[in-house]
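K.L.:
Right, I'll just put the structure down here and ask away after.
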Ligand code: CTP
Ligand code: MG
């Protein structure tokens with residue numbers, strides 16, 4: 001192993017007290033679940049010793065028989081989770097179905113109900129205990145270090161996490177990559193050669209991959225129907241490959257602990273056409289918040305394009321507590337009052353007649369009638385404000401979007417701090 005990697009490992013390999021804390025908290029929660037009559041098991045990276053030191057997330061799954069109806073698993077699963085975490089600030093969260101999260105000291109504990117399955121998966125989370133079994137069997141002890149290195153590398157590159165915020169690589173995906181390639185260094189070498197459409201099938205479970213449309217396809221060894229990298233988007237895929245190539249050229253600790261680059265909001269805004277939308281934050285769990293914010297940003301982009309505004313870039317951001325923001329860069333914030341509109345073919349008599357009736361000033365070119373029409377919107381911020389008070393806004397954001405602040409160009413510097421947070425992706 002390269003000396004750089006050894007040095008990094010010294011800083012991120014979990015130490016004994018962390019493992020002891022694991023055991024203590026897991027025992028306590030599993031004990032409580034047993035008292036409620038459920039078998040339970042520690043899964044996730046804590047069960048495998050593949051977590052980065054300082055990460056404090058414990059995943060405990062408890063089991064229902066496959067015969068239990070789905071709504072019972074959800075209802076009962078939540079009730080039991082809340083009871084078990086009652087002294088620890090129980091809070092409901094959502095994966096494919098709801099589960100309960102609490103804080104035991106500084107440890108974030110997730111208590112997730114799932115089916116004890118034999119072969120076919122019933123709910124999406126049923127795979128996790130199988131992942132655990134598979135990895136515990138297949139992974140060599142020393143490969144834990146490689147997984148930890150890869151996770152830290154991903155974090156620094158901004159590609160760690162399959163959540164709504166990152167659209168990157170999940171922890172389990174990192175583990176599978178180490179298994180496939182053998183070590184951290186080999187994963188990096190492999191990734192430097194990836195092209196969109198790269199497919200990895202460790203157990204050769206399939207021969208046809210056409211149903212998976214994604215930049216990276218990694219067949220889940222416990223479920224041939226699932227692409228473990230489904231959450232990864234093209235930007236995350238490219239970003240990781242870029243980081244891998246640069247690391248190969250000149251490896252350094254900075255790839256794991258990046259220096260904070262100073263962001264100059266003033267310089268960034270110069271010469272650009274930008275709109276900053278800020279609003280207060282609804283009280284809703286973060287998965288929903290991020291996905292609604294992304295949906296709002298994307299419908300704003302769609303509206304803008306519909307009315308001929310060119311969107312160069314867009315970002316959305318929230319601190320998950322007080323503020324939400326969307327940043328849009330446009331080619332232009334204003335459009336001319338009217339535009340040319342193409343009408344029907346002249347030989348299409350009835351439509352031609354209707355068109356010329358409607359548009360007094362018209363002309364024919366290339367066999368078609370044309371006219372100048374007034375635009376409904378000439379000002380991007382007017383269109384944005386109207387959209388923010390319309391039904392296009394996802395439910396939780398609606399009351400907040402109605403009162404949103406819409407700033408353009410130099411005005412955005414009134415919110416310089418916020419702008420720098422968004423640009424820095426913090
Ligand atoms: N899981 C999955 N796909 C995801 C998220 C989670 O398959 N997109 C499963 C995996 O079996 C994973 C478990 O759920 O091991 C727990 O999820 P999580 O805590 O998010 O990941 P960890 O593997 O525990 O990684 P980390 O070190 O980040 O906690
Ligand atoms: Mg975990």
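K.L.:
Once R0 is set to 30 Å, what does the formula 1/(1 + (r/R0)^6) return for the Cβ-Cβ distance between residue 1 and residue 180, expressed as a FRET efficiency to the nearest 0.05? Show your work: numbers first, answer last.
P.N.:
On the way: r = 18 Å, r/R0 = 0.62.
Using R0 = 30 Å, I get an efficiency of 0.95.
K.L.:
Let me ask another. To test your reading of the geometry: what angle, between 0 and 90 degrees and rounded to tens, separates the Cα axis of helix 234-249 from the longest principal axis of the chain?
P.N.:
Computed tilt is about 60 degrees.
K.L.:
Only Cα pairs under 8 Å and at least 6 apart count here; give the relative contact order of the chain as a rounded whole percent.
P.N.:
On the way: 650 pairs, mean separation 48.5, N = 426.
Relative contact order for the chain comes out at 11 percent.
K.L.:
While we're here: Using Cβ counts within 10 Å as a stand-in for footprinting exposure, how do 70, 13 rank, fewest first? Let's see the in-between values first.
P.N.:
On the way: 70 12, 13 16.
So the residues, fewest neighbours to most, are 70, 13.
K.L.:
Show me, bin by bin at 10 Å from 0, the whole-percent P(r) of the stretch 163-216 based on Cα pairs.
P.N.:
Percent of Cα pairs in each bin: 20, 52, 28, 1.
K.L.:
Can you give the FRET efficiency to the nearest 0.05 for residue 341 and residue 67, using r as the Cβ-Cβ distance and R₀ = 51 Å? It would help to have the intermediate numbers written out before the result.
P.N.:
On the way: r = 62 Å, r/R0 = 1.22.
Computed FRET efficiency for residue 341 and residue 67 comes out at 0.25.
K.L.:
With axes computed from alpha carbons, what is the tilt in degrees of helix 349-358 against the longest principal axis of the chain, rounded to the nearest 10 within 0 to 90?
P.N.:
Helix 349-358 sits roughly 80 degrees off the main axis of the chain.
K.L.:
With each label point set 7 Å from Cα along the Cα-Cβ vector, what nm distance links residue 307 and residue 11?
P.N.:
Here the answer is 4.8 nm between the modelled labels.
K.L.:
Under 8 Å for C-alpha pairs, at least 6 residues apart: give me the relative contact order for the stretch 272-426, rounded to a whole percent.
P.N.:
Taking the mean separation of contacting Cα pairs over the length of the stretch 272-426, I get 32 percent.
K.L.:
How much length is gained if the chain between residue 106 and residue 24 is pulled fully straight, taking 0.36 nm per residue apart and subtracting their Cα-Cα distance, in nm to one decimal? Present the calculation step by step, with values, prior to reporting the outcome.
P.N.:
Details: separation 82, 0.36 × 82 = 29.52 nm, distance 1.30 nm.
My answer for the length gained is 28.2 nm.
K.L.:
Same structure, new question: Using a 10 Å cut-off around each Cβ, can you sort 99, 38 from fewest to most neighbouring Cβ atoms?
P.N.:
Details: 99 24, 38 19.
In increasing order of surrounding Cβ atoms, one gets 38, 99.
K.L.:
Further, regarding this structure: Please determine, in degrees from 0 to 90 and to the nearest 10, the orientation of helix 16-35 with respect to the longest principal axis defined by the Cα atoms of the chain, where the helix direction is its Cα long axis.
P.N.:
Around 90 degrees separate the two axes.
K.L.:
Residue 321 to residue 35: extension gain in nm, 0.36 nm per residue of separation minus the Cα-Cα distance? Don't skip to the answer; put the middle values down first.
P.N.:
Numbers: separation 286, 0.36 × 286 = 102.96 nm, distance 3.55 nm.
Roughly 99.4 nm would be gained on extension.
K.L.:
Most fluctuating residue of 101, 24, 314 in a GNM of the chain with Cα springs under 10 Å: which is it?
P.N.:
24
K.L.:
Could I ask something else about it? For a test of the definition: using alpha carbon positions, the gyration tensor, and the 1.5 limit on a/c, classify the stretch 218-320 as rounded, prolate or oblate.
P.N.:
Details: a/c = 1.78, a/b = 1.21, b/c = 1.47.
Taking the square roots of the gyration eigenvalues as a ≥ b ≥ c, the stretch 218-320 is oblate.
K.L.:
Return a whole-number percent for the relative contact order of the stretch 1-140, with Cα pairs under 8 Å and 6 or more residues apart as the contact set. Each step should come with its number before you reach the end.
P.N.:
Details: 187 pairs, mean separation 31.3, N = 140.
In percent, rounded to a whole number, it is 22.
K.L.:
Does the stretch 24-155 come out rounded, prolate or oblate, given a ≥ b ≥ c as the square roots of the eigenvalues of its C-alpha gyration tensor, rounded meaning a/c under 1.5 and, failing that, prolate meaning a/b above b/c? Show your work: numbers first, answer last.
P.N.:
Working: a/c = 1.97, a/b = 1.34, b/c = 1.47.
It comes out oblate by the Cα gyration axes.
K.L.:
What's the exposure ranking of 115, 94, going from fewest to most Cβ atoms within 10 Å? Mind showing how you got there, number by number?
P.N.:
Details: 115 20, 94 11.
The most exposed by this proxy come first: 94, 115.
K.L.:
Stretch residue 395-residue 414 to full length: gain in nm at 0.36 nm per residue minus the Cα-Cα span? Mind showing how you got there, number by number?
P.N.:
Values: separation 19, 0.36 × 19 = 6.84 nm, distance 2.84 nm.
So the extension gain works out to 4.0 nm.
K.L.:
For the chain, report the convex hull volume of the alpha-carbon atoms normalised per residue, in Å³, without decimals. Please list the in-between numbers first.
P.N.:
Numbers: hull volume 90.4 nm³, N = 426.
It is 212 Å³ per residue.
Laboratory data are not the source of any read-out in this text; all were calculated from the coordinates shown. This structure is a prediction, so every number in the text was calculated from the model and none was measured. Backbone-built Cβ (ideal geometry, glycine too); neighbour counts: all protein chains shown.
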